[in-house]
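Engineer: This is the structure, below, for whatever I ask next.
Taken together, the values in this text are just the output of simple stated rules run on the coordinates, not laboratory data. This structure is a prediction, so every number in the text was calculated from the model and none was measured. Glycine also receives a Cβ, built like all others from the backbone with ideal geometry; neighbour counts cover every protein chain displayed.
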Ligand SMILES: [Cu+2]
């Protein structure tokens with residue numbers, strides 16, 4: 001019949017390892033959650049402060065702090081082995097690498113592209129789209 | 001000689017009582033719900049070989065269509081579906097899972113000296129995800145098929161009217177998770193389940209290769225999943241990520257797709273290189289040359305593989321700056337690949353080569369991989385690639401790497417570990433004959449395509465100029481010969497299952513741990529914890545007439561300190 005008997009080494013493992021992982025005090029969890037909420041409010045708040053070119057960097061900075069909080073406390077990286085931090089940071093670097101190369105490329109060929117709205121998007125805009133994210137209407141481009 | 005008698009006695013006992021992983025429990029559910037890595041590996045192998053048959057049928061159909069210009073057997077739209085299906089099946093259902101999930105699952109824990117992988121249930125889940133992905137792929141055929149090519153390039157894939165595009169994208173999405181599960185399992189297994197004495201640099205090179213592969217699987221496959229999700233969303237909701245008429249960027253799609261799919265090429269070839277390291281060392285009975293170089297070159301290839309994806313996009317509209325960067329880095333991949341090749345050749349040099357079927361596949365690999373690898377340099381060179389891009393030259397190049405190298409290594413590995421998996425020997429002559437026929441057919445099929453491509457025949461075309469016809473005919477005949485070779489091999493292996501001679505524990509004279517357990521292995525792999533020695537030191541491996549196989553005479557081993565009992569503790 002089906003394989004149900006646990007192999008000897010997994011049985012041995014079950015005894016020498018605690019059944020529950022590391023426990024984080026509720027106080028820390030709640031303060032982390034509070035910090036995340038506060039940062040969310042700040043994210044919305046800075047939307048009203050225009051620092052020009054740095055807008056995006058401010059937003060990304062706040063997001064990085066939030067992600068770091070989640071990884072450190074909610075994902076227990078603070079109490080895990082340092083190797084896990086290394087893996088986490090390493091994987092993040094791969095994401096950065098991918099995005100950076102893609103952005104570098106698109107920024108290089110951007111000026112070879114046509115300006116204005118693409119035809120299908122324009123169709124939608126011309127028809128009816130008062131609150132559409134793309135606010136530049138054909139009339140504006142032609143002017 | 002007491003040291004020699006003890007292990008030999010164990011091996012004879014386990015073979016005689018017949019309790020092995022195949023007979024340990026019976027019935028359909030004992031397989032369908034098994035957590036045994038060996039059974040999961042065997043199920044994967046059967047599933048992958050069935051898909052290989054299907055993909056092969058499509059290959060023969062499309063080669064037949066190309067016998068004459070214009071219509072030969074099917075119309076153009078059907079032909080588009082044929083090459084798409086051939087590509088998608090061979091890449092996602094066959095080659096990617098073939099070595100890690102099928103052979104790797106079977107061999108990795110035994111080679112490591114462990115009883116199973118770290119997460120047996122995840123392992124089984126991975127197999128069922130594969131089944132799910134395969135069902136979706138087949139379902140897509142029922143609802144209109146897909147003709148996008150296996151790369152699903154936008155904007156064609158977002159606008160084609162073929163009805164099966166979304167199901168197959170779902171299928172590939174699911175297959176990706178199957179691949180991630182396998183990779184994750186292997187990483188944790190190699191980190192956590194190494195028995196005492198099995199240090200990183202005592203691991204067989206196949207394990208280094210599987211480890212590097214697993215890194216790629218875990219790091220790259222999620223990107224494919226996200227990309228395909230975006231493509232589904234684009235196709236259903238028209239949100240304008242990749243579709244230019246909605247303001248999207250099709251080149252961005254290629255960036256995302258190739259960020260996975262170039263590393264995917266190394267998911268295919270790196271484990272194949274691992275198999276070749278094993279085959280070449282074991283069958284030439286000589287210590288592998290440059291162990292650490294081969295080990296680290298696997299990791300180096302895995303790392304490099306993430307920063308070269310743009311070489312698939314030289315003519316896509318990618319910017320000149322990125323073209324130059326990607327071209328430069330792509331050349332650097334040649335270095336670790338060449339390091340491996342030279343080390344294998346050095347291992348053969350002055351070795352005592354047994355020309356067994358696995359060794360024939362190993363030698364075929366060396367030959368074909370050299371051609372496949374070197375023609376890669378033509379494709380990585382910016383100026384020549386503008387001419388060669390999307391021609392049969394590229395088709396020939398990647399078939400030399402993906403089929404001539406990865407699949408040949410897989411079939412070689414299948415022969416190499418066949419006695420271990422099934423407990424039966426195959427007929428050596430038939431096996432070698434199969435290998436030679438495949439080798440001849442392969443070169444006929446694909447070498448001609450280098451000529452076709454350099455003369456300007458574009459890939460994926462239904463029709464062509466009459467002057468190309470001679471090459472196409474030779475190529476198609478080669479494909480038929482290759483098919484005959486695979487049939488020969490299949491007959492050889494089937495015959496072995498029915499009436500093959502019982503395999504000894506160590507038929508080839510291998511030294512790594514999988515040869516120190518019975519053929520087929522017990523349910524829990526080892527009766528006693530095996531002793532870890534230098535897995536490429538073949539001096540203590542001696543022929544034993546009684547077993548018709550090799551045994552490891554520990555008295556001759558200079559690496560194991562004598563008078564000390566083998567370690568028996570738990571895992572670190
Ligand atoms: Cu590539």
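Engineer: With each pseudo-label sitting 7 Å past Cα toward Cβ, what's the residue A:100-residue B:355 distance in nm, one decimal?
Structural biologist: 5.3
Engineer: In nm, to one decimal, how far is the modelled label at residue B:29 from the one at residue A:55, with both set 7 Å along Cα→Cβ?
Structural biologist: Spacing of the two 7 Å Cα→Cβ label points: 6.2 nm.
Engineer: Counting partner chain Cβ atoms within 10 Å of every residue's Cβ in B:323-331, what's the average? Before the final figure, lay out the partial values.
Structural biologist: Details: counts 2, 0, 3, 2, 0, 0, 0, 0, 0.
Mean shielding by partner chains, rounded to a whole number: 1.
Engineer: Tell me, what is the FRET efficiency for residue B:233 and residue A:31 to the nearest 0.05, using R0 = 45 angstrom and their Cβ-Cβ distance as r? All intermediate terms of the calculation are to be shown ahead of the outcome.
Structural biologist: Details: r = 37 Å, r/R0 = 0.82.
Plugging the Cβ-Cβ distance into 1/(1 + (r/R0)^6) gives 0.75.
Engineer: Now for a different question. Using every Cα-Cα pair within segment B:293-407, state what percent have a distance larger than 21 Å. Before the final figure, lay out the partial values.
Structural biologist: Numbers: 2815 of 6555 pairs.
That tail contains 43 percent of the Cα-Cα pairs.
Engineer: Which residues does the label zone of residue A:22 cover in segment A:45-82, counting backbone N under 12 Å from a point 7 Å along Cα→Cβ?
Structural biologist: Zone members listed by number: A:72-82.
Engineer: Relative to the present Cα-Cα distance, how much length would full extension add between residue B:135 and residue B:331 at 0.36 nm per residue of separation?
Structural biologist: Working: separation 196, 0.36 × 196 = 70.56 nm, distance 3.87 nm.
Going from the current span to full extension adds 66.7 nm.
Engineer: Could you give the length gained on full extension between residue B:345 and residue B:463, defined as 0.36 nm per residue of separation minus the Cα-Cα distance, in nm?
Structural biologist: Extra length from residue B:345 to residue B:463 when fully extended: 38.3 nm.
Engineer: Add -39500 (n - 2.57) for each DSSP H run of 4 or more in the protein assembly as shown, then divide by its residues: what number comes out at 222 nm, to the nearest 500 deg cm²/dmol?
Structural biologist: Value at 222 nm, helices only: -20500 deg cm²/dmol.
Engineer: As an exercise, use a Förster radius of 22 Å and the Cβ-Cβ distance of residue B:53 and residue B:143 to find the FRET efficiency, rounded to the nearest 0.05.
Structural biologist: 0.45
Engineer: Something else: Go ahead and run the numbers for FRET between residue B:19 and residue B:440, Cβ-Cβ distance against an R0 of 41 Å, rounding to 0.05.
Structural biologist: Values: r = 43 Å, r/R0 = 1.05.
Plugging the Cβ-Cβ distance into 1/(1 + (r/R0)^6) gives 0.45.
Engineer: Dimensions of the protein assembly as shown along principal axes (Cα, Å, largest first)?
Structural biologist: If we take the Cα atoms of the protein assembly as shown, the spans are 97, 78, 47 Å.
Engineer: Now, a different point. Taking the simple approach of a point 7 Å from Cα along Cα-to-Cβ for both residue B:191 and residue B:226, what is their distance in nm?
Structural biologist: Calculated label separation equals 2.1 nm.
Engineer: Across the residues of B:20-27, average count of Cβ atoms on other protein chains within 10 Å?
Structural biologist: 1
Engineer: Starting from the Cα gyration tensor of segment B:343-432, take the square roots of the eigenvalues, sort them a ≥ b ≥ c, and report rounded, prolate or oblate (rounded when a/c is under 1.5, otherwise prolate if a/b is larger than b/c, else oblate). Could the numbers behind the result be given before it?
Structural biologist: Numbers: a/c = 3.74, a/b = 2.08, b/c = 1.80.
The shape class here is prolate.
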